[in-house]
Amino acid sequence: MLRIPLTLGRRLLIPMVGALAPSVSAQAAELTFDLKIEHGKVAQNMRLIRVKQLDVVKLRWGTDQPLTLHLHGYDIEQKVEAGTIAEMKFTARATGRFPIHLHDARDRAGSPSHHEPPLVLVEVYPQ
Ligand SMILES: [Cu+2]
């Protein structure tokens, strides 16, 4: 009997599904990351996200307080309400390191939040 392990995480499962459909793309995978923000921070082991160029990246955000996230470089801004999941989805066309940090209503480019360590760092490696 074929048994599918229930413990298999989303991050392992999705690249496998992608591998079953090579006609879509030889390399690119769709990767989903679940990120939970508590007291303005993400758990230490989720602060670095590594993907490959052309991967479709889905960041699913949860938070304990309303806030606005900003992914630099790709320049995506995403509002997240407490108790809901907000999705930030993009194709990783540009390679490099892209910080994600918090914006708030008073925030402007160059505000102190841009000088603090990022909430999460996204690294996109060349194919
Ligand atoms: Cu910003």
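The values are calculated or read from the model by the stated rules, or taken from the named source; none is laboratory data. In this text the structure is predicted, and so the values were computed from the model without any measurement. Positions of Cβ are backbone-derived with ideal geometry, glycine not excepted, and every protein chain shown enters the neighbour counts. When the accessible area is computed, the model is the full protein with side chains, heavy atoms only, and any ligands, DNA or RNA have been set aside. Shrake-Rupley method; radii C 1.70, N 1.55, O 1.52, S 1.80 Å.
Data for the structure
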| read-out | value |
| --- | --- |
| Selection count where residues are more than 10 Å from the chain's Cα centre (by Cα) and outside any loop (DSSP other than H, G, I, E, B), scope the stretch 35-54 | 8 |
| Residues within the stretch 51-76 that are more than 17 Å from Lys41 (Cα to Cα) and open to solvent by 60 Å² or more (accessible area, probe 1.4 Å), tallied | 4 |
| Residues (in a strand (DSSP E or B) and within 11 Å of the ligand (Cβ to nearest atom)) located in the stretch 67-92 | Thr68, Leu69, His70, Leu71, Ile76, Glu77 |
| Number of the condition not met by Gln27 [criteria: (1) in contact (Cβ under 8 Å) with a residue 24 or more places away in the chain; (2) within 16 Å of the ligand (Cβ to nearest atom)] | (2) |
| Residues (at pLDDT below 95 and surrounded by 13 or more Cβ atoms within 10 Å (Cβ to Cβ)) located in the stretch 82-103 | His101, Leu102, His103 |
